[in-house]
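Take a look at the structure below.
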Amino acid sequence: MTSTAFITHRDCHLHDVGSYHPESPERLSAISDHLIAQGIDHYFVHYEAPLATFEQLMRVHSAAHLEHLKRSSPDLGVVHIDPDTAMNPHTWHAALRAAGAGVMAVDLVMAGEVQNAFCAVRPPGHHAERSNAMGFCFFNNIAVAAKHALKVHGLTRVAIVDFDVHHGNGTEECFRNDMQVLMVSTFQHPFYPYSGTEHPAPNMVNIPLPGGTGGDEFCQVVTDIWLPRLREFKPEMIFISAGFDAHYEDDLGGLKLLEKDFAWVTEQIKQIADETAQGRIVSILEGGYVLSALARSVSAHIKVLASI
């Protein structure tokens with residue numbers, strides 16, 4: 001069995017902007033409850049996420065962005081940054097924990113304390129641009145973690161894999177033309193945030209999928225396009241923007257993946273990590289809004305990470 005860190009924090013449950021909002025605290029409860037019900041919770045090494053520091057965040061984000069979010073944080077009630085993205089009095093700390101979880105995961109994996117890590121955190125991150133919060137996201141958690149691996153641990157090649165139903169526009173903006181980073185992604189198109197198809201940089205492998213795409217087609221493009229590019233790149237660590245809203249039960253999107261598809265793609269990523277990266281993987285939760293489907297999909301994903 002592989003040692004797998006499970007990193008979360010109770011602060012991530014306190015970011016709650018109303019029962020209407022799909023990015024709800026119940027997402028994390030559903031994941032934890034399902035792992036306990038399956039009897040596999042004890043297989044993971046549990047950690048509490050630290051707060052990300054401004055130094056760590058500023059490897060990705062502008063100082064103006066951080067200052068704007070901190071100033072926007074309300075003492076009471078809810079403040080909207082955009083129509084989809086809102087803050088309550090606890091959001092600032094929740095977002096710092098979500099970004100800090102990825103940093104901790106990198107440190108644990110690089111120290112050899114665990115083989116890989118899954119960060120069960122929210123708010124998610126892959127839509128957050130250098131100077132712009134959007135799409136439920138405030139800080140780009142995966143980008144902060146990847147930059148930490150490059151700048152602090154001295155890695156020279158890292159890969160980011162993003163299989164969320166939405167294109168990770170923020171991550172692409174952060175790493176466009178950064179040849180230390182290869183990003184491979186699938187996403188529904190045309191669909192929010194309506195990006196990822198116009199002149200991608202050479203280090204971006206963007207695969208738009210039409211609504212209705214199922215597991216067979218997804219696995220085919222991963223096999224034909226992602227995996228050869230990843231093997232050619234030889235990453236020293238692989239980061240996963242693990243969005244499970246491409247599940248067929250998730251009505252926020254229109255793709256039709258199943259738990260077995262998330263398990264399969266995790267197996268392919270793990271194999272490449274074993275070949276080129278000493279098995280080093282850091283996975284961070286992104287989307288997934290139908291609680292039962294989310295919990296089952298996360299379970300399928302991390303059971304592969306932990307070789308259960």
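Read-outs throughout are calculated quantities, based only on the coordinates presented, and are distinct from any laboratory measurement. Model, not experiment: these values are computed from the prediction. Here the Cβ positions follow ideal geometry from the backbone for every residue, glycine too, while neighbour counts run over all protein chains shown.
Evaluate the relative contact order of segment 1-76 (contact order divided by residue number), counting alpha-carbon pairs under 8 angstrom at least 6 apart; express in whole percent.
38 percent
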**OP:** Normalise the Debye intensity by I(0) for segment 4-301, one equal point scatterer per Cα, no solvent, then take log10 at q = 0.09, 0.10, 0.15 Å⁻¹ and round to two decimals.
**Re:** -0.37, -0.46, -1.15
Subject >> Residue order, fewest to most surrounding Cβ atoms within 10 angstrom, among PHE187, PHE218 >> reply: PHE218, PHE187
Original post:
Got the relative contact order for segment 172-272 handy, in percent, Cα pairs under 8 Å and 6 or more residues apart?
Top reply: 26 percent
**OP:** List the relative contact order of the chain as a percent without decimals, with contacts defined as Cα pairs under 8 Å and 6+ residues apart.
**Re:** 21 percent
Original post:
Taking the Cα-to-Cβ direction at ALA111 and at GLN220 and moving 7 Å from each Cα, how far apart do the two end points lie in nm?
Top reply: 4.6 nm
Subject >> Dipole magnitude (debye, nearest 20) for segment 29-180, charges at Cβ of Lys, Arg, Asp, Glu >> reply: 360 debye
Subject >> segment 49-81 residues near the modelled SER29 label - backbone nitrogen below 17 Å, point 7 Å along Cα→Cβ >> reply: none
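Treat segment 1-86 as a sphere of radius equal to its Kirkwood radius over Cα pairs and apply Stokes-Einstein at 10 °C in a medium of 1.306 mPa s; give the translational diffusion coefficient in µm²/s, rounded to a whole number.
Result for D is 101 µm²/s.
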**OP:** Quickly work out the GLU198-to-LEU76 label distance, labels modelled 7 Å from Cα along the C-beta direction, and quote it in nm with one decimal.
**Re:** 4.3 nm
Subject >> Under the Karplus curve 6.51 cos²θ - 1.76 cosθ + 1.60, θ = phi - 60°, whole-Hz ³J(HN,Hα) for segment 287-298, x wherever Gly or Pro sits >> reply: x, x, 10, 8, 4, 5, 5, 4, 4, 5, 5, 4
Original post:
Using Cα-only point scatterers and the Debye equation, what is log10 of I(q)/I(0) for segment 134-184 at each q in 0.16, 0.31 Å⁻¹, rounded to two decimals?
Top reply: -0.45, -1.38
Original post:
Among the lysines, which have Cα under 28 Å from the Cα of LYS234 when same-chain residues fewer than 8 positions away are ignored?
Top reply: LYS147, LYS151, LYS260, LYS270, LYS303
Original post:
In segment 78-153, what is the volume of the convex hull around the alpha carbon atoms, normalised per residue and reported in Å³?
Top reply: 83 Å³
Subject >> Order of LYS270, LYS70, LYS147 under a 10 Å beta carbon neighbour criterion, fewest first >> reply: LYS70, LYS270, LYS147
Original post:
Working out 0.36 nm times the residue gap between LYS151 and ILE36, then minus their Cα-Cα distance, what length gain in nm do you get to one decimal?
Top reply: 37.8 nm
Original post:
Rg(Cα) of segment 199-308 divided by 2.2 N^0.38 Å?
Top reply: 1.06
Original post:
Taking amide hydrogens as modeled 1.01 Å from N in the peptide plane, which residues meet the under 5 Å criterion relative to VAL45, leaving out close sequence neighbours?
Top reply: THR4, ALA5, PHE6
Original post:
What is the Cα centroid distance between segment 9-78 and segment 131-157, reported in whole angstrom?
Top reply: 15 Å
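Could you put PHE136, PHE54 in order, starting from the residue whose Cβ has the fewest other Cβ atoms within 10 Å?
If I rank by nearby Cβ atoms, fewest first, I get PHE54, PHE136.
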**OP:** List every residue whose amide H lies under 5 Å from the amide H of GLU129, counting only residues 5 or more places away in sequence or on a different chain, with H placed 1.01 Å from N in the peptide plane.
**Re:** MET134
**OP:** State to the nearest 20 debye the size of the charge dipole of the chain about its Cα centre, where the only charges are +1 on K and R beta carbons and -1 on D and E beta carbons.
**Re:** 680 debye
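Please work out the FRET efficiency for the pair VAL45 and ASP251, using the Cβ-Cβ distance as r and a Förster radius of 30 Å; give the result to the nearest 0.05.
0.30
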Original post:
Which loop chymotrypsin sites (Phe, Trp or Tyr not before Pro) in segment 226-308, with loop taken from DSSP, have no more than 13 other Cβ atoms within 10 angstrom of their Cβ?
Top reply: none
